[in-house]
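To keep things clear, I will list the structure first and then write my remarks on it.
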Amino acid sequence: MRQMVLVVMLIAAVVAGTTGYSVAGEQMTREEVMATADKNHDGRIDLQEFNQRMTEVFFFADTDKDGKLSWEELQAVVVDADPQRFKAADSDGDGKLALYEYLYVLHVDFATADKNQDGVLDMEEVAAMLARK
């Protein structure tokens, strides 16, 4: 359960554009990120693994099970979430993030984090992503 909560915080932080990857004083390490998302254990997170993990996180965070993430659901996991970034991600303006809106923002973040543009995030790129926030 702790691992799922940490991953939810990490991904929600990326979506929210927050200043850190922590909640209740717990910082998520690059090793924890890698352990939760690297499904085939090759030391890298490819886009398929990333999409799978992010989709799992979306449905975990969607506590009212309406198929969308509300600002309140995001804030429940990321205390210092950025409301402007949330609003920008909400392309249809309904006040919630549908899965496609959520994944679009995360794909942009994945591409930004993939500094060498090889289609995967290695340990160094994950570390840089964590340091950036």
Worksheet item: Say R0 is 41 Å: what FRET efficiency, to the nearest 0.05, do LYS115 and THR63 get from their beta-carbon distance?
Response: 0.75
Discussion item. List the residues, sorted by chain then number, that are 5 or more residues from ASP46 or on another chain and whose placed amide H is less than 5 Å from its amide H.
Written reply: LEU121
Worksheet item: What FRET efficiency would be calculated for the residue pair ASP82, VAL108, taking the C-beta separation as r and a Förster radius of 22 Å, to the nearest 0.05?
Response: 0.90
Fill in: Computed over the range 67-133, Kirkwood Rh from alpha-carbon pairs, angstrom
13.1
Worksheet item: When the dipole is taken about the Cα centre of the range 46-133, and only Lys, Arg (+1) and Asp, Glu (-1) are charged at their Cβ, what size is it in debye, to the nearest 20?
Response: 200
Fill in: Using a Förster distance of 30 Å, the FRET efficiency for ASN51-MET123 (Cβ separation, nearest 0.05)
0.95
Practice prompt. Taking H placed 1.01 Å from N in the peptide plane, check which residues at least 5 places from ALA98 or on another chain put their amide H under 5 Å from its amide H.
Written response: LEU69
Discussion item. Please list, in order along the range 69-74, the HN-Hα scalar couplings obtained from phi with the Karplus expression 6.51 cos²θ - 1.76 cosθ + 1.60 (θ = phi - 60°), rounded to whole Hz, x for Gly and Pro.
Written reply: 9, 7, 4, 5, 5, 5
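Readers should treat all values here as calculations from the given coordinates under stated rules, not as data from a laboratory. Given the structure is predicted, the values throughout are model-derived calculations rather than measurements. Note: ideal-geometry Cβ built from the backbone for every residue, glycine included; neighbour counts use all protein chains shown.
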